[in-house]
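Peer 1: Below are the structure tokens for one structure; questions will follow.
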Amino acid sequence: MAHILKQGAGALLGGTVKRTAPVVVLLMMIAVVGIWNPAFFQGSNLITVLTLASLLLMASLGQTWVILLGSIDLSVGYMASMCSVIFALLVSDWGYGALLLIVLIGIAGGLLNGLVYTMLRIPSFIATLGTGGIFLSLAYVISNASTVAVADVGNPVMRLLGREFLYVPVSIGLTVLLWAAMLAYQNFTPGGKKLYYIGTSEPAAWLSGIRINRHKILAFTVSGMTAALTGVLLVSTIYNGSPNLGDPYTLKSIAVVVMGGTALTGGVGGLGRTMIGALIMAILSNGMNVVGVNVYFQNIVTGAVIVLAAMLSLDRSKIPMLK
Amino acid sequence: MAHEVLVSMRNIVKRYPGTVALDGANLEIRRGEIIGLLGENGAGKSTMMKILVGYETPDGGEMLVGGKKVQFRSTREAMAYNIGMVYQDQALLPNLTVLQNLFLGYEHLFTRGGFIDHRKMKQTGREILDMMRLHCSLSDEVEALPLSTRELLEIGRLLWLSEISGRPPVIVLDEPTTVLDSNEIRQLFDIVRSIRDKAGIIFISHHLQEVLDLVDRVVVFRDGRDIASLPARDLTVAKIQEMMIGRELNTEYYLVDKQREPSERVVLEVKQLTVHGKFQDISFQLREGEIVSLVGLDGSGKEEVCRAIFGALKPDQGDVLLFGKRLNLKRPDLAIREGIGYVPQNRREEGAFQHLDIAANVTVTLLEKLAKLMFLPRKKGLQLAREWIEKLRVRASSPHMLIRQLSGGNQQKVILAKWLASDIKVLILDHPTRGIDVGAKEEIYRLLRNLADQGVAILMMCDSLEEDIGLSNRLLVLKDGRLTQEIDSPADRKPSVLEVIRAL
């Protein structure tokens with residue numbers, strides 16, 4: 001037992017166990033919750049779950065690649081908050097222009113993260129904490145430290161986001177489409193594969209001719225963009241934005257990625273896993289509500305699941321000294 | 001003169017994956033005697049010392065200290081018996097002061113009521129500095145001090161530790177003179193001689209004349225065993241060199257009959273390549289189908305030369321030309337694009353992607369070439385991997401196997417496959433057969449011969465001079481960062497190992 005704890009179960013579990021564990025957990029959870037309270041399977045509840053899952057998924061898309069490389073993005077939540085404020089402010093007047101602006105802001109912020117990390121050689125932990133602070137402050141300044149309601153709730157963009165195609169809300173569709181596009185890049189292009197090489201061993205990647213900085217900057221830029229879009233999705237659910245709205249999503253995005261099975265040490269996992277992680281988190285949260293678990297207790301459960309998931313996926317043979 | 005036996009190591013066996021480092025080695029250390037421990041790289045002397053000081057545990061044999069059987073599980077346990085080593089790479093903590101380093105880990109000896117008595121500590125510290133004739137101050141930060149001072153500090157620390165235990169110390173000095181100038185070497189030798197009677201001292205060095213000047217007895221290691229133990233006064237440098245080598249070159253093993261004469265065409269030209277502090281003014285040519293070996297002692301700069309040519313180490317001066325075209329040496333990917341491959345010494349961390357499968361390892365340099373319109377299905381990589389597994393006879397059940405599950409030899413084959421699958425013109429190999437068993441070595445030699453037949457120019461450094469001589473057409477000798485000599489190694493007239501060792 002002590003041996004398992006020391007090595008990190010990730011080093012010992014067979015590949016098959018590690019690969020299927022998240023899916024098994026997911027199925028088990030659906031079963032447990034469904035049996036406890038079949039109201040879980042009601043149409044309206046399922047939409048709620050999927051909406052929640054897509055929100056978590058959007059926030060975690062870029063984070064997946066960042067973690068795959070072996071780094072971390074702590075600015076996700078603040079970027080989402082800042083963009084929720086900006087979007088709520090501008091969407092009524094600018095319409096689709098506001099959406100475009102958000103995407104550009106996300107890319108700019110992510111690019112900033114990437115450059116600070118690679119050019120200034122500041123560890124991603126610190127770099128993104130720093131830039132995150134900038135986004136947080138901007139969120140407060142732009143919103144004047146208050147909630148920003150969407151002026152014209154009926155405007156085309158908001159209506160589009162709220163609409164449904166074949167019972168599926170557009171917001172979910174958008175997220176899944178983006179996920180699918182990124183998945184294709186990750187699994188089927190040289191660039192995507194290089195993420196895994198870098199995450200596995202930077203020295204070996206360098207000596208194999210991979211231009212590491214380039215891919216790191218890309219991952220952070222994408223993470224900025226998906227964090228920004230998370231802000232948009234948040235506004236689409238409650239029709240207003242606020243400077244703290246997205247903050248919890250930093251930790252949630254990391255939790256989703258880790259729960260899906262992507263190792264914090266990098267090199268293993270990916271967007272497929274993150275999808276599972278998002279579903280697990282969403283069902284966990286919704287399930288606990290449906291079952292009637294005390295709200296405060298829910299945080300304890302979530303935290304415990306995160307620790308368990310990390311313990312199972314971490315491969316300590318890859319971390320020389322645990323920091 | 002030699003007194004009682006302090007440590008007795010008998011029949012020590014140590015195995016690493018793929019090799020036997022020590023095969024029944026013996027060593028007796030007496031008080032009042034300075035032993036010079038000699039042997040080629042890989043002969044086993046470093047491993048023997050690591051076991052002595054508790055850094056490694058033996059797989060067989062026994063060790064007696066003061067007549068009692070012991071088994072050290074850590075260097076601290078060995079220190080408790082007063083056995084310590086001054087390492088070649090510094091063991092001091094550079095950001096701490098001299099005072100802090102001297103008593104690191106032993107501060108409890110100066111405590112009074114739970115608090116450290118700094119006055120007493122400083123007093124003892126000054127005594128140590130005096131004993132070692134050092135002029136630095138206790139509050140100096142170690143990283144500001146020259147390497148020679150740091151080394152003397154480490155020796156002083158060991159001597160002090162031995163004094164407080166009351167037991168005669170066994171001190172191993174691992175290549176202490178590489179960082180010292182001639183005055184400092186003399187000073188060191190004086191100090192060592194002055195403590196000779198109180199301790200058992202082992203001195204490791206490649207500078208054979210130095211060894212003869214200082215030591216009382218010479219012990220030579222070869223192929224994992226101690227093969228000679230003789231008084232220094234009976235020996236000369238030439239005699240020691242003969243003992244270190246031993247057997248005839250096995251021409252069959254190195255496939256010397258397959259060695260071909262290189263063509264006249266110059267593939268790679270290195271011109272006055274310099275990296276300050278590592279090597280200077282290196283110039284040589286590599287021809288089509290030629291295998292050239294770089295030989296030199298530790299610190300000669302040969303590994304750095306190879307990395308610089310590959311673009312992994314930026315040169316301060318000089319050029320590298322491939323077929324006459326000047327190369328941009330900023331990054332490895334630029335060299336790879338032109339057709340240069342590099343197999344690093346550190347297979348585990350730099351050579352292979354341990355947690356990825358064979359297919360991934362084979363295709364890493366070929367991704368863009370295999371992809372069509374940015375699209376690269378997994379199938380292609382797997383197919384390519386299967387081809388190479390077969391071609392190189394890699395012992396793996398499928399291309400899905402993680403490379404870390406393969407033996408050292410098979411891992412190396414996979415690493416080579418990725419270069420063979422690209423269209424390389426030059427292949428640089430840094431200790432390619434390290435940690436690989438005999439059978440796999442032979443297969444790799446065959447691979448290299450085939451590669452040379454196809455016209456690839458090969459530059460390498462091997463684990464033993466025999467390997468260097470056996471495989472190459474030519475040897476380039478590096479000494480202290482300079483190219484001092486070129487030795488031809490044609491198939492019909494191979495130089496003897498002795499001849500080469502004399503040039504180093």
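Peer 1: Conditions first: (1) within 14 Å of chain A (Cβ to nearest Cβ); (2) outside any loop (DSSP other than H, G, I, E, B); (3) small (Gly, Ala, Ser). B:Ser293 passes all but one, so which condition is the exception?
Peer 2: (1)
Peer 1: Of the numbered conditions (1) closer than 29 Å to B:Asp357 by Cα; (2) more than 12 Å from chain B (Cβ to nearest Cβ); (3) surrounded by 16 or more Cβ atoms within 10 Å (Cβ to Cβ), A:Glu202 satisfies every one except a single condition; which is it?
Peer 2: Every condition holds for A:Glu202 apart from (2).
Peer 1: Moving on to the next point. Are any residues in the range A:206-217 more than 8 Å from every other protein chain (Cβ to nearest Cβ) and either out of contact with any helix residue (DSSP H, G or I) (no Cβ under 8 Å at 6 or more places or on another chain) or crowded, with 21+ Cβ neighbours inside 10 Å (or both), and if so, which ones?
Peer 2: A:Arg214, A:His215, A:Lys216 - these are the residues of the range A:206-217 that are more than 8 Å from every other protein chain (Cβ to nearest Cβ) and either out of contact with any helix residue (DSSP H, G or I) (no Cβ under 8 Å at 6 or more places or on another chain) or crowded, with 21+ Cβ neighbours inside 10 Å (or both).
Peer 1: Something else now. Looking for whichever is modelled with pLDDT of 90 or more, in contact with a helix residue (DSSP H, G or I) (Cβ under 9 Å, 6 or more places away or on another chain) and in a strand (DSSP E or B) here; the options are B:Ala25, B:Ala21. Which one fits?
Peer 2: Within the list B:Ala25, B:Ala21, the selection yields B:Ala25.
Peer 1: Just the residues that are modelled with pLDDT of 90 or more and either out of contact with any Ser or Thr (no Cβ under 8 Å at 6 or more places or on another chain) or of a type in the set (Ser, Thr, Tyr) (or both), please, taken from the range B:440-457.
Peer 2: Selection gives B:Tyr445, B:Arg446, B:Leu447, B:Leu448, B:Arg449, B:Asn450, B:Leu451, B:Ala452, B:Asp453, B:Gln454, B:Val456, B:Ala457.
Peer 1: Turning to a different aspect of this structure: Anything in the range B:310-322 that is surrounded by fewer than 14 Cβ atoms within 10 Å (Cβ to Cβ) and either more than 14 Å from chain A (Cβ to nearest Cβ) or touching a residue at least 60 places away in the same chain (Cβ under 8 Å) (or both)? List them, or say none.
Peer 2: Within the range B:310-322, B:Asp316, B:Gln317 qualify.
Peer 1: Only one of these is over 28 Å from B:Arg331 (Cβ atoms), more than 14 Å from every other protein chain (Cβ to nearest Cβ) and buried (at least 21 other Cβ atoms within 10 Å of the Cβ): A:Thr302, A:Thr230. Name it.
Peer 2: Matching residue, one of A:Thr302, A:Thr230: A:Thr230.
Peer 1: Hey, could you check the range B:370-382 for residues that are touching a Ser or Thr at 6+ places or on another chain (Cβ under 9 Å) and more than 9 Å from every other protein chain (Cβ to nearest Cβ) and say which is modelled with the highest pLDDT?
Peer 2: B:Leu382
Peer 1: Please specify each residue of the range A:102-126 satisfying the condition of being hydrophobic (A, V, I, L, M, F, W, C) and either at pLDDT below 95 or within 12 Å of A:Lys216 (Cα to Cα) (or both).
Peer 2: Correct list: A:Leu111, A:Leu112, A:Leu115, A:Val116, A:Met119, A:Leu120, A:Ile122, A:Phe125, A:Ile126.
Peer 1: Would you mention how many residues in the range B:332-354 are under 26 Å from the mean Cα position of the chain (by Cα) and either touching a residue at least 40 places away in the same chain (Cβ under 8 Å) or at the interface with chain A (Cβ under 7 Å from one of its Cβ atoms) (or both)?
Peer 2: Total meeting the criteria: 14.
Peer 1: Now, a different point. Check the range A:250-265 and report whether any residue there is within 14 Å of chain B (Cβ to nearest Cβ) and out of contact with any Ser or Thr (no Cβ under 8 Å at 6 or more places or on another chain).
Peer 2: Among the residues of the range A:250-265, at least one is within 14 Å of chain B (Cβ to nearest Cβ) and out of contact with any Ser or Thr (no Cβ under 8 Å at 6 or more places or on another chain), which makes the answer yes.
Peer 1: Can you find a residue that is outside any helix (DSSP H, G or I), surrounded by fewer than 17 Cβ atoms within 10 Å (Cβ to Cβ) and among the aliphatic types (A, V, I, L, M) anywhere in the range B:347-357?
Peer 2: For the range B:347-357, residues outside any helix (DSSP H, G or I), surrounded by fewer than 17 Cβ atoms within 10 Å (Cβ to Cβ) and among the aliphatic types (A, V, I, L, M): absent.
Peer 1: Moving on. Please work out if B:Gly84 is closer than 15 Å to B:Ile155 by Cα and either out of contact with any His (no Cβ under 6 Å at 6 or more places or on another chain) or not aliphatic (A, V, I, L, M) (or both).
Peer 2: For B:Gly84, the condition - closer than 15 Å to B:Ile155 by Cα and either out of contact with any His (no Cβ under 6 Å at 6 or more places or on another chain) or not aliphatic (A, V, I, L, M) (or both) - is met.
Peer 1: Scan the range B:466-499 residue by residue and report those that are crowded, with 17+ Cβ neighbours inside 10 Å, assigned to a helix (DSSP H, G or I) and out of contact with any Ser or Thr (no Cβ under 9 Å at 6 or more places or on another chain).
Peer 2: Passing the criteria: only B:Glu466.
Peer 1: Quick check, is B:Glu303 among the acidic types (Asp, Glu), within 24 Å of the chain's Cα centre (by Cα) and surrounded by 15 or more Cβ atoms within 10 Å (Cβ to Cβ)?
Peer 2: So B:Glu303 passes the test.
Peer 1: So, one more: Is it true that B:Val256 is crowded, with 17+ Cβ neighbours inside 10 Å and modelled with pLDDT of 85 or more?
Peer 2: Criteria not met by B:Val256.
Peer 1: Which of the residues spanning the range A:158-192 are small (Gly, Ala, Ser) and away from chain B (no Cβ under 14 Å)?
Peer 2: A:Gly162, A:Ser171, A:Gly173, A:Ala180
The values are calculated or read from the model by the stated rules, or taken from the named source; none is laboratory data. Every value quoted in this text rests on a predicted model; they were computed, and no experiment measured them. No Cβ is skipped: glycine too gets one built from the backbone with ideal geometry, and neighbour counts run over all protein chains shown.
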